[in-house]
1. Could you compute the FRET efficiency for Glu284 and Val166, with r as their C-beta to C-beta distance and R0 at 35 Å, rounded to 0.05?
2. Through the Karplus equation 6.51 cos²θ - 1.76 cosθ + 1.60, θ set to phi - 60°, convert the phi angles of segment 367-379 into ³J(HN,Hα) values in whole Hz; use x for Gly and Pro.
3. What FRET efficiency comes out for Arg237 versus Thr351 if R0 is 56 angstrom and r is the Cβ-Cβ distance? Round to the nearest 0.05.
4. Can you give the FRET efficiency to the nearest 0.05 for Ala186 and Thr400, using r as the Cβ-Cβ distance and R₀ = 45 Å?
5. Taking the highest mean first, how do the peptides 285-291, 233-239 order by number of other beta carbon atoms within 10 angstrom per residue?
6. Could you give the nm distance between label points at Leu276 and His137, where each point is 7 Å from its Cα heading toward the beta carbon?
7. Between Arg217 and Asn158, what length in nm is gained on full extension when 0.36 nm per residue of separation is reduced by their alpha carbon distance?
8. Of the peptides 173-184, 243-254, how do they stack up when ordered by the mean number of other Cβ atoms within 10 Å, highest first?
Amino acid sequence: MTSTTKVIRVLQALLLSALAFAGGHGMADESEKPKAAEASGKGTDGALLLKPVTLPDPGRQNMPAHRVLVPDGWKLEGGLTAPPPSYHMLATLSDVTIKAPDGRGVRFFGPQEFGYADRMPLQPFTPYQGRPFMPLHQSLGDFWSRMFELNPAPGVTNLKVVEEEVMEEATEVVRKHLAPLYQSTAQENQQLSFSGEGKTFDVHVRRLVLQYDENGRDIEATIFASVRHSIYYYPDRSIRAAMWNLDNMYAVFGPVGTDYLADPTLAAIVRSRQLLPEWEVAIETWYLMKNRQIVAEGQARIAAAARANVASKSSQTEDVLDISFNGWKKRNALNDAGQSRSVNAIREQTTYSNPVLGNTVNLPSYYQNVYTDQLGNYVLHNDANYEINTDPAFNNVEWTRIEPVE
């Protein structure tokens, strides 16, 4: 088996096994993974311990790429993978799962990018113009059902789509970020009008709820994603070339019947994820260089798609990352979106200043007391009488109480 074939199979696994939240690819370094203390992620007296994990990008000399807080005793699986040369339009592949022994967890997917054209007799995942070939689907549920049909995830049975909706407020946020792409599409259509051809560009945010059996346990997963497409049409409206993407995609899951979307621990994990600035710059530079290369090769439409990816960086925002929790529903009530305190109240999060590391961190407002050590670990507690220095689970190191940013 060639190295390219192996990586293609990794990409297939990233998607096709997406419902098997136990599987991982590209494990994080063992020295960075949190060591188990208690299976619940909590110390004595209900304290929640969160440990930072940094995930490297092997396609960029293991440059630190993502950072996330992991509850102690929870399992982190996955990481970043370098795409094979046949997928030369993909900057990186990413899939990270953080899971508790009781079945709760969060899964972060990197941007998924596909190419398609009518009249092309290709199988899914065949390299096509530097991307995996994949037909467009009418809904996010259709996409996941098709993935499961192609290759059912190990231990997962009885998959069913419970519900799906377009999230109007979150969609409005993303469309505002990508307004230049709507404008450039209108300009392209003016240029194409003489030929009878045309182009469409659109993006919307979807929420999908799935239920399935995983190794005898009934699990429900809520998946969020920005669905984006850029499509060129022939005069007969058949698709000449298409690029479509799943951005901001992540899942929050737990046993059926549990209110996992209101779980403050899962909220802490989702809100802690950071794309490190140096890595973001490296990815943006990669897309810009790729754009210059394909312009030089005379492939204007592929170049336009590459430009779309550079612009889409602005859609990977905290506003969209926050959509799985209740705060996004109330944003229209803001009088001044620039007031960080008001934004935090609506997101039900608090920004803390960390004098030890000289940075800030957003954590759920559910916890009233937050402590940190020299390594960037955090202990959260909602009991005003809790004293960490007398807790035998934590008193072997020095902890500093940190306060909200005023």
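Each value in this text was obtained by applying a stated rule to the coordinates, not by laboratory testing. Quantities reported herein were computed from a predicted structural model and do not represent experimental measurements. Because the Cβ atoms are built from the backbone with ideal geometry, glycine has one as well, and the counts that use them run over all protein chains shown.
1. The calculated FRET efficiency here is 0.80.
2. Computed from phi, the couplings for segment 367-379 are 9, 8, 10, 10, 10, 9, 10, 5, 9, x, 6, 10, 10 Hz.
3. 0.70
4. Numbers: r = 54 Å, r/R0 = 1.20.
So the FRET efficiency works out to roughly 0.25.
5. Listed from highest to lowest mean packing, they are 285-291, 233-239.
6. Distance between label points: 3.3 nm.
7. Length gained, Arg217 through Asn158: 20.1 nm.
8. 243-254, 173-184
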